[in-house]
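Visitor: Pasting a structure below so you can have a look.
The values are calculated or read from the model by the stated rules, or taken from the named source; none is laboratory data. A quick note: this is a predicted structure, and the numbers were derived from the prediction, not measured. For neighbour counting, all protein chains shown are included, and Cβ atoms are generated from backbone atoms with ideal geometry for every residue, glycine included.
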Amino acid sequence: MSIDWGEVWASAVTAAEGAVNTKAPQAKKYVRKIMQAREARLKLLMDVWADGALDEETLEQELREERDILEMEFLAVRVMVKKAAQDAANAALKVIQDGLLTGINLVA
Amino acid sequence: MRPLGRPLGVWLQLLLALSFVLLPGCAVTLVPEYDQATEEKLIATYESVNRLYDSLAEADPAARAYDGYSKAWADVATDLRVLAMRQKARPDNEESQKIIDRLLANWETARALHKKRSSRPEHRDNPYLDSQIALDRAQFEAQFSAAVAAEVFKK
(Lines give C-alpha, C1' and ligand atoms only; values in the text may rest on other atoms or scores of the structure.)
Protein backbone atom coordinates (compact mmCIF):
# COMPACT_ATOMS: atom_id res chain seq x y z
CA MET A 1 0.00 0.00 0.00
CA SER A 2 1.26 3.50 -0.70
CA ILE A 3 0.09 6.93 0.39
CA ASP A 4 0.75 10.40 -0.97
CA TRP A 5 3.59 12.44 0.58
CA GLY A 6 1.57 15.65 0.20
CA GLU A 7 -1.26 14.15 2.25
CA VAL A 8 1.14 12.93 4.91
CA TRP A 9 2.72 16.37 5.18
CA ALA A 10 -0.67 18.07 5.44
CA SER A 11 -1.67 15.62 8.20
CA ALA A 12 1.61 16.30 9.98
CA VAL A 13 0.92 20.05 9.92
CA THR A 14 -2.62 19.46 11.25
CA ALA A 15 -1.26 17.25 14.05
CA ALA A 16 1.29 19.92 15.02
CA GLU A 17 -1.35 22.65 15.02
CA GLY A 18 -3.64 20.48 17.11
CA ALA A 19 -0.94 20.02 19.76
CA VAL A 20 -0.34 23.78 19.95
CA ASN A 21 -4.07 24.59 20.03
CA THR A 22 -4.52 22.26 23.01
CA LYS A 23 -1.96 24.17 25.07
CA ALA A 24 -2.72 27.73 23.94
CA PRO A 25 -5.86 28.31 26.09
CA GLN A 26 -4.08 26.87 29.14
CA ALA A 27 -1.14 29.25 28.63
CA LYS A 28 -3.43 32.24 28.16
CA LYS A 29 -5.40 31.39 31.30
CA TYR A 30 -2.25 30.99 33.40
CA VAL A 31 -0.71 34.26 32.18
CA ARG A 32 -3.96 36.11 32.93
CA LYS A 33 -4.10 34.58 36.43
CA ILE A 34 -0.53 35.51 37.34
CA MET A 35 -0.87 39.04 35.98
CA GLN A 36 -4.05 39.57 38.00
CA ALA A 37 -2.33 38.26 41.13
CA ARG A 38 0.65 40.57 40.64
CA GLU A 39 -1.60 43.56 39.97
CA ALA A 40 -3.51 42.96 43.21
CA ARG A 41 -0.26 42.52 45.05
CA LEU A 42 1.35 45.71 43.69
CA LYS A 43 -1.79 47.66 44.51
CA LEU A 44 -1.69 46.32 48.07
CA LEU A 45 1.97 47.31 48.40
CA MET A 46 1.23 50.82 47.15
CA ASP A 47 -1.67 51.14 49.61
CA VAL A 48 0.48 49.96 52.52
CA TRP A 49 3.24 52.36 51.48
CA ALA A 50 0.77 55.24 51.16
CA ASP A 51 -0.41 54.47 54.69
CA GLY A 52 3.17 54.85 55.91
CA ALA A 53 3.38 51.24 57.09
CA LEU A 54 6.37 50.56 54.81
CA ASP A 55 9.58 52.53 54.60
CA GLU A 56 11.23 53.17 51.23
CA GLU A 57 13.91 50.53 51.69
CA THR A 58 11.35 47.84 52.55
CA LEU A 59 9.16 48.90 49.63
CA GLU A 60 12.11 48.61 47.25
CA GLN A 61 12.90 45.16 48.62
CA GLU A 62 9.26 44.10 48.19
CA LEU A 63 9.21 45.40 44.62
CA ARG A 64 12.40 43.50 43.85
CA GLU A 65 10.75 40.36 45.20
CA GLU A 66 7.64 41.01 43.10
CA ARG A 67 9.79 41.24 39.99
CA ASP A 68 11.52 38.04 41.03
CA ILE A 69 8.18 36.26 41.41
CA LEU A 70 6.99 37.50 38.03
CA GLU A 71 10.18 36.17 36.42
CA MET A 72 9.68 32.82 38.13
CA GLU A 73 6.10 32.66 36.92
CA PHE A 74 7.18 33.42 33.36
CA LEU A 75 9.82 30.71 33.58
CA ALA A 76 6.88 28.37 34.25
CA VAL A 77 5.13 29.82 31.18
CA ARG A 78 8.26 29.10 29.15
CA VAL A 79 8.05 25.45 30.22
CA MET A 80 4.47 25.36 28.96
CA VAL A 81 5.43 26.91 25.62
CA LYS A 82 8.37 24.54 25.18
CA LYS A 83 6.15 21.57 26.01
CA ALA A 84 3.63 22.75 23.39
CA ALA A 85 6.43 23.02 20.81
CA GLN A 86 7.71 19.57 21.79
CA ASP A 87 4.23 18.03 21.51
CA ALA A 88 3.69 19.73 18.14
CA ALA A 89 7.01 18.50 16.72
CA ASN A 90 6.47 14.97 17.98
CA ALA A 91 2.88 14.86 16.70
CA ALA A 92 4.14 15.86 13.23
CA LEU A 93 7.01 13.36 13.38
CA LYS A 94 4.66 10.56 14.40
CA VAL A 95 2.40 11.21 11.40
CA ILE A 96 5.44 11.19 9.09
CA GLN A 97 6.87 8.04 10.65
CA ASP A 98 3.51 6.28 10.42
CA GLY A 99 3.30 7.37 6.79
CA LEU A 100 6.76 6.03 6.07
CA LEU A 101 5.93 2.73 7.70
CA THR A 102 2.82 2.51 5.54
CA GLY A 103 4.81 3.45 2.44
CA ILE A 104 4.71 6.88 0.89
CA ASN A 105 4.16 7.26 -2.83
CA LEU A 106 6.89 9.70 -3.82
CA VAL A 107 6.07 9.83 -7.49
CA ALA A 108 5.62 13.46 -8.39
CA MET B 1 19.38 12.05 -18.67
CA ARG B 2 18.43 11.47 -15.04
CA PRO B 3 20.84 8.91 -13.59
CA LEU B 4 18.36 7.54 -11.06
CA GLY B 5 15.24 7.89 -13.15
CA ARG B 6 13.38 10.28 -10.78
CA PRO B 7 13.33 14.09 -10.46
CA LEU B 8 15.87 15.46 -7.98
CA GLY B 9 13.09 16.97 -5.78
CA VAL B 10 11.63 13.53 -5.19
CA TRP B 11 14.98 12.17 -4.05
CA LEU B 12 15.39 15.10 -1.71
CA GLN B 13 11.96 14.41 -0.25
CA LEU B 14 12.87 10.77 0.13
CA LEU B 15 16.11 11.71 1.88
CA LEU B 16 14.22 14.04 4.22
CA ALA B 17 11.61 11.41 4.93
CA LEU B 18 14.21 8.73 5.64
CA SER B 19 16.12 11.08 7.93
CA PHE B 20 13.06 11.22 10.20
CA VAL B 21 13.17 7.46 10.52
CA LEU B 22 16.91 6.99 10.69
CA LEU B 23 17.73 9.73 13.19
CA PRO B 24 18.38 8.11 16.58
CA GLY B 25 15.47 8.45 18.96
CA CYS B 26 13.75 10.80 16.53
CA ALA B 27 11.47 12.33 19.21
CA VAL B 28 12.06 16.00 19.99
CA THR B 29 12.85 16.75 23.66
CA LEU B 30 12.68 20.34 24.86
CA VAL B 31 11.55 19.71 28.44
CA PRO B 32 12.14 16.70 30.69
CA GLU B 33 9.47 14.17 31.58
CA TYR B 34 7.06 15.23 34.32
CA ASP B 35 8.45 14.18 37.71
CA GLN B 36 5.80 13.33 40.29
CA ALA B 37 8.39 13.17 43.09
CA THR B 38 9.36 16.81 42.41
CA GLU B 39 5.76 17.98 42.56
CA GLU B 40 5.09 16.06 45.79
CA LYS B 41 8.29 17.30 47.43
CA LEU B 42 7.47 20.90 46.48
CA ILE B 43 4.03 20.59 48.05
CA ALA B 44 5.45 18.92 51.17
CA THR B 45 8.07 21.68 51.49
CA TYR B 46 5.42 24.33 51.06
CA GLU B 47 3.50 22.70 53.93
CA SER B 48 6.56 23.17 56.13
CA VAL B 49 6.83 26.83 55.05
CA ASN B 50 3.18 27.40 55.84
CA ARG B 51 3.55 25.69 59.23
CA LEU B 52 6.47 27.98 60.09
CA TYR B 53 4.55 31.12 59.18
CA ASP B 54 1.48 29.85 61.05
CA SER B 55 3.47 29.35 64.22
CA LEU B 56 5.19 32.73 63.83
CA ALA B 57 1.85 34.47 63.32
CA GLU B 58 0.30 32.69 66.31
CA ALA B 59 3.22 33.42 68.63
CA ASP B 60 3.38 36.37 70.95
CA PRO B 61 5.47 39.02 69.10
CA ALA B 62 8.22 38.91 71.74
CA ALA B 63 8.44 35.12 71.36
CA ARG B 64 9.24 35.27 67.65
CA ALA B 65 13.02 35.25 68.02
CA TYR B 66 14.98 33.33 65.39
CA ASP B 67 16.38 30.75 67.82
CA GLY B 68 12.94 29.30 68.45
CA TYR B 69 12.43 28.75 64.73
CA SER B 70 15.93 27.96 63.49
CA LYS B 71 15.19 24.26 62.97
CA ALA B 72 12.12 25.01 60.85
CA TRP B 73 14.13 27.47 58.69
CA ALA B 74 16.96 24.95 58.31
CA ASP B 75 14.64 22.04 57.46
CA VAL B 76 13.02 23.99 54.63
CA ALA B 77 16.44 25.12 53.35
CA THR B 78 17.60 21.49 53.30
CA ASP B 79 14.48 20.37 51.43
CA LEU B 80 14.98 23.13 48.87
CA ARG B 81 18.63 22.18 48.39
CA VAL B 82 17.65 18.56 47.79
CA LEU B 83 15.02 19.73 45.29
CA ALA B 84 17.57 21.95 43.56
CA MET B 85 19.98 19.04 43.24
CA ARG B 86 17.22 16.85 41.79
CA GLN B 87 16.40 19.50 39.18
CA LYS B 88 20.04 19.85 38.14
CA ALA B 89 20.23 16.11 37.53
CA ARG B 90 17.43 16.32 34.95
CA PRO B 91 18.44 17.31 31.39
CA ASP B 92 16.63 20.13 29.54
CA ASN B 93 15.36 21.43 32.88
CA GLU B 94 16.80 24.96 32.93
CA GLU B 95 13.56 26.72 33.93
CA SER B 96 12.83 24.57 36.99
CA GLN B 97 16.46 24.79 38.03
CA LYS B 98 16.29 28.59 37.95
CA ILE B 99 12.99 28.71 39.84
CA ILE B 100 14.20 26.46 42.66
CA ASP B 101 17.56 28.27 42.87
CA ARG B 102 15.76 31.60 43.27
CA LEU B 103 13.34 30.11 45.76
CA LEU B 104 16.25 28.87 47.83
CA ALA B 105 18.03 32.24 47.60
CA ASN B 106 14.88 34.11 48.68
CA TRP B 107 14.34 31.66 51.52
CA GLU B 108 17.88 32.26 52.78
CA THR B 109 17.35 36.04 52.51
CA ALA B 110 14.17 35.90 54.61
CA ARG B 111 15.91 33.61 57.10
CA ALA B 112 18.90 35.96 57.40
CA LEU B 113 16.60 38.92 57.94
CA HIS B 114 14.74 37.13 60.72
CA LYS B 115 18.05 36.20 62.34
CA LYS B 116 19.38 39.76 62.00
CA ARG B 117 16.30 41.41 63.46
CA SER B 118 16.24 38.91 66.33
CA SER B 119 19.81 39.87 67.26
CA ARG B 120 19.06 43.59 67.47
CA PRO B 121 17.91 44.89 70.84
CA GLU B 122 15.54 47.41 69.25
CA HIS B 123 13.64 44.60 67.52
CA ARG B 124 13.60 42.04 70.31
CA ASP B 125 10.04 42.93 71.28
CA ASN B 126 8.93 41.87 67.79
CA PRO B 127 11.57 40.38 65.50
CA TYR B 128 9.05 39.47 62.79
CA LEU B 129 6.25 41.98 62.26
CA ASP B 130 2.73 40.73 61.46
CA SER B 131 2.74 42.70 58.20
CA GLN B 132 6.08 41.18 57.19
CA ILE B 133 4.84 37.68 58.01
CA ALA B 134 1.82 38.27 55.74
CA LEU B 135 3.97 39.67 52.93
CA ASP B 136 6.61 36.95 53.08
CA ARG B 137 4.06 34.19 53.37
CA ALA B 138 2.20 35.43 50.27
CA GLN B 139 5.43 35.78 48.31
CA PHE B 140 6.57 32.27 49.12
CA GLU B 141 3.14 30.95 48.19
CA ALA B 142 3.50 32.59 44.75
CA GLN B 143 7.04 31.26 44.35
CA PHE B 144 6.08 27.69 45.26
CA SER B 145 3.07 27.96 42.92
CA ALA B 146 5.42 28.91 40.07
CA ALA B 147 7.68 25.95 40.87
CA VAL B 148 4.74 23.52 40.98
CA ALA B 149 3.29 24.98 37.76
CA ALA B 150 6.62 24.55 35.98
CA GLU B 151 6.51 20.85 36.87
CA VAL B 152 2.82 20.29 36.11
CA PHE B 153 3.21 21.94 32.68
CA LYS B 154 5.59 19.12 31.72
CA LYS B 155 2.70 16.63 31.76
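Visitor: Just name the residue that is farthest from the chain's Cα centre (by Cα) out of those in region A:84-99 that are within 14 Å of residue A:21 (Cβ to Cβ) and either of a type outside the set (A, V, I, L, M) or more than 7 Å from every other protein chain (Cβ to nearest Cβ) (or both). Can you show your working first?
Guide: Pass one, region A:84-99, residues within 14 Å of residue A:21 (Cβ to Cβ): A:84-85, A:87-88, A:91-92.
Right, trim to either of a type outside the set (A, V, I, L, M) or more than 7 Å from every other protein chain (Cβ to nearest Cβ) (or both) and you get A:84, A:87-88, A:91-92.
Details: A:84: 7, A:87: 12, A:88: 12, A:91: 17, A:92: 19 Å.
So the residue we want is A:92.
Visitor: Determine, yes or no, whether residue A:86 is crowded, with 16+ Cβ neighbours inside 10 Å and either over 30 Å from residue B:93 (Cα atoms) or out of contact with any helix residue (DSSP H, G or I) (no Cβ under 8 Å at 6 or more places or on another chain) (or both).
Guide: Details: crowded, with 16+ Cβ neighbours inside 10 Å: yes; either over 30 Å from residue B:93 (Cα atoms) or out of contact with any helix residue (DSSP H, G or I) (no Cβ under 8 Å at 6 or more places or on another chain) (or both): yes.
Yes: the conditions hold for residue A:86.
Visitor: Hey, among B:79, B:136, which residue is in a helix (DSSP H, G or I), modelled with pLDDT under 95 and either surrounded by 17 or more Cβ atoms within 10 Å (Cβ to Cβ) or on the phi > 0 side of the Ramachandran plot (or both)?
Guide: Details: B:79 fails: modelled with pLDDT under 95.
Result: B:136 is the single residue among B:79, B:136 that is in a helix (DSSP H, G or I), modelled with pLDDT under 95 and either surrounded by 17 or more Cβ atoms within 10 Å (Cβ to Cβ) or on the phi > 0 side of the Ramachandran plot (or both).
Visitor: Can you work out which of the residues in region B:4-60 that are in a loop (DSSP other than H, G, I, E, B), of a type outside the set (Phe, Trp, Tyr) and modelled with pLDDT of 95 or more is surrounded by the most Cβ atoms within 10 Å (Cβ to Cβ)?
Guide: First pass over region B:4-60, keeping only residues in a loop (DSSP other than H, G, I, E, B): B:4-7, B:23-35, B:59-60.
From what is left, the residues that are of a type outside the set (Phe, Trp, Tyr) are B:4-7, B:23-33, B:35, B:59-60.
Cutting the leftovers down to modelled with pLDDT of 95 or more gives us B:30-33, B:35, B:59-60.
Values: B:30: 15, B:31: 25, B:32: 17, B:33: 11, B:35: 16, B:59: 15, B:60: 8.
Applying the filter and picking the extreme gives B:31.
Visitor: Go through (1) at pLDDT below 95; (2) under 30 Å from residue B:153 (Cα atoms) and name the single condition residue B:123 misses.
Guide: (2)
A quick yes/no check of all residues on (1) without any contact (Cβ under 8 Å) to a residue 12 or more places away in the chain; (2) surrounded by 18 or more Cβ atoms within 10 Å (Cβ to Cβ):
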residue	(1), (2)
A:26	no, no
A:36	yes, no
A:57	yes, no
A:64	yes, no
A:72	yes, yes
A:75	yes, yes
A:91	no, yes
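Here's the yes/no breakdown for (1) more than 11 Å from every other protein chain (Cβ to nearest Cβ); (2) polar (S, T, N, Q); (3) closer than 27 Å to residue B:145 by Cα:
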{"position": "A:7", "(1), (2), (3)": "yes, no, no"}
{"position": "A:37", "(1), (2), (3)": "no, no, yes"}
{"position": "A:58", "(1), (2), (3)": "no, yes, yes"}
{"position": "A:70", "(1), (2), (3)": "no, no, yes"}
{"position": "A:75", "(1), (2), (3)": "no, no, yes"}
